[in-house]
């Protein structure tokens, strides 16, 4: 029974991740790609938890279907927890380093200043991040364009991108062996930036924001080469044209189904449906002669 569960879940995870990132409107891309990214690791974890709940005995065909799968479930969950703790430890070290940078006031916003000539600005942290800005950015942008990039970073703070993408990065690490994991991760990062651009475009001049985006992205590689607890205006340059075109095109007239975005949760809970059919659960009824 356990081997069948594991085999079926692995096949389903592979099936969900087999295709390329979804295309279409921003809302459709975000919903479909996030589902394809989240479903496999969540399903793997609920399957492991269900196997631990059932235990190594019960309706198993052999040692391989009992003790081995029970050990595999423990091994996967412990490995996932270990990877999560490593990320948390690395994040704490990164934030401690940021705390050593001097504080500056940028248009009324408290920031940490990075002493480098490369233009760079990003939100860094967990739930309540703080701005990290380079001296090169302050020297490069005039007040109007600086206001535009600050608005973009405020969008990252509004959506708590540093917090949520930290945990998405953990899920990426524990499912890196599945197909298209990196492609989906890159797509989610790009969609995150498009969302921040759209939010900022409601606060500042769209052309100033587009010009700021071009200036920062074309400045070259960022001095902080880390996606860990970091959400900035220019994570990569391969989506620059798409972002500029999206800004100039204006807001999309699209709708997304809130119900549809959470239907996959029912599939995540599917492994727990096997619990009532496990021998440990049926034994009391068998002993009474009801079955």
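Every number in this text was worked out from the coordinates using simple rules, so none of it is lab data. All values reported here derive from a predicted model rather than from experimental measurement. We place every Cβ from the backbone using ideal geometry, glycine too, and count neighbours over all the protein chains shown.
Okay, here's what the table says:
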quantity	calculated
Computed label-point distance, nm, for sites residue 227 and residue 142 using a 7 Å Cα→Cβ extension	3.6
Viscosity 1.002 mPa s, temperature 20 °C, Stokes-Einstein D of region 30-144 from Kirkwood C-alpha radius, µm²/s	117
Full-extension gain in nm, residue 53 to residue 83, via 0.36 nm per residue minus C-alpha separation	8.5 nm
Length added when fully stretched, residue 95-residue 218, from 0.36 nm per residue minus Cα-Cα	41.6 nm
Simple spin-label estimate for residue 267 and residue 248 in nanometres, 7 Å along Cα-Cβ	3.8
Efficiency of FRET from Cβ geometry, residue 23 and residue 167, R₀ 30 Å, rounded to 0.05	0.70
